[in-house]
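J.: The structure that follows is given in the form of structure tokens.
The values are calculated or read from the model by the stated rules, or taken from the named source; none is laboratory data. Bear in mind the structure is a predicted one, so any value in this text is a computation, not a measurement. Positions of Cβ are backbone-derived with ideal geometry, glycine not excepted, and every protein chain shown enters the neighbour counts. Protein only, heavy atoms only, side chains kept; ligands, DNA and RNA dropped before computing areas. Shrake-Rupley method; radii C 1.70, N 1.55, O 1.52, S 1.80 Å.
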Amino acid sequence: MNNLDKILHKSFLYNPVENWLWFLGILLVGFLFKRIFSVLVSKIAYRLIKQETQNVPVSNFVDLLKRPVEFIFTLLILYSAVDEISFPRKWRIIPFGKMRVSEFADKLLDTLFVIAITWIIIRLVKFFALVFLKKAEENDIKTDEHLVPFFRDIIIALIVFCSFFLILGFVFRQDVISLITGLGIGGVALALAARATLENLFASFTLFTEQPFIVGDDIELGSMVGKVEKVGFRSTRIRHVDGSLIVVPNQMLVSQTLNNLTQRKDRRHKFFLKLKLDTPIVKIKTVVDEIQHLIDIHEQTKDHEGHVKFDAIGEYSINLLVVFFAATPDYWESKGIRQEINYMINQVLDKNGVELASPTTTLFGITDDKNIDDDY
């Protein structure tokens with residue numbers, strides 16, 4: 001027993017062996033059970049707020065909270081383990097430097113604790129944003145689906161900003177008030193340097209207040225047509241009709257004419273039928289009347305007046321103007337309706353024996369009479 005006491009109290013790296021054993025034991029036990037504790041704490045936290053989050057499964061909550069809670073347990077384990085040993089005053093981070101190892105360890109752990117708490121708060125914000133999105137989907141509230149991601153990102157940015165100054169003030173003992181004042185003085189230069197970013201940020205607030213569109217709307221901006229997938233601080237992501245993803249600065253969305261295709265009830269289609277020049281006038285009248293009739297009685301085009309007119313006589317064709325409105329805001333669905341109309345028009349032309357014109361070219365040759373006489 002005396003030999004064991006001597007071994008335990010024997011000094012090693014300025015600490016008794018007993019303290020080093022406690023250090024290793026805390027690390028070993030803590031790292032073995034930290035995953036179990038993190039999942040357990042996450043489930044307990046979910047039960048406390050379960051009434052408000054019944055539409056979100058517990059697995060989503062645990063997945064969001066498990067890693068930051070596990071990180072905090074890791075810090076607690078390290079803090080408890082490090083507390084069992086002491087660092088000599090002469091140990092410094094840099095040889096002959098001012099900061100001791102013990103001071104560095106304390107500041108590092110305090111900084112990591114603030115980061116861990118910030119991480120948990122951010123994950124909780126994301127979780128409650130998910131709850132509101134689920135409720136918006138269930139109630140079919142498109143406005144909330146548009147606003148929740150935006151305000152979620154704003155709140156997260158504010159949390160990170162406050163966390164940064166908390167670390168400076170309470171961990172590194174800096175004068176935060178003076179620092180913020182200094183940032184205010186240099187704000188003009190910063191604003192000039194980040195003018196484009198600020199313009200896009202203010203444009204994003206304009207988009208959310210006026211709401212010319214929401215996430216999921218089909219819009220037309222210049223020659224671009226696509227579906228809005230996400231509105232951020234600086235830019236908006238639009239899925240083009242060809243499948244490509246386009247990132248548009250928010251400033252462009254508020255400074256240019258924008259057409260919200262989803263807000264309209266139908267889509268307009270306009271094209272020309274070019275018939276052969278030798279088509280009899282009786283057949284032209286018949287084709288015009290029958291195409292007009294099929295547009296007037298079609299289920300998807302009858303609610304909005306369409307027009308079929310003998311528009312002009314071209315260089316090589318008789319041009320019929322066809323205009324109708326497909327009763328849908330969806331791009332591809334309207335294309336399907338146009339396809340049906342095209343099939344019917346083709347049947348009308350076949351039935352009446354009318355052919356479409358194609359560009360023709362007439363070649364005129366010059367005959368040399370002298371050469372012909374010589375041949376004879």
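J.: Could you order peptides 162-168, 248-254 by the average number of other Cβ atoms within 10 Å of their residues, highest first?
T.: 248-254, 162-168
J.: A further question on this structure: Going by average Cβ neighbours within 10 Å, how do the peptides 302-309, 231-238 rank, with the highest at the top?
T.: 231-238, 302-309
J.: Rounded to the nearest 20 Debye, what is the dipole magnitude of the range 226-297 about its Cα centre when Lys and Arg each give +1 and Asp and Glu each give -1 at the C-beta?
T.: 300
J.: Once you've got the Cα coordinates, tell me which of 230/270; 227/270; 135/230; 274/309; 265/302; 34/66 are over 20 Å apart.
T.: Over 20 Å apart, Cα to Cα: 230/270; 227/270.
J.: Let me ask something additional. So if we plug the beta-carbon distance of residue 211 and residue 268 into 1/(1 + (r/R0)^6) with R0 = 25 Å, what FRET efficiency do we get, rounded to 0.05?
T.: Once the sixth-power term is evaluated, E becomes 0.55.
J.: Roll a 1.4 Å probe over the protein heavy atoms and report the accessible area of residue 286 in Å², nearest 10.
T.: 50
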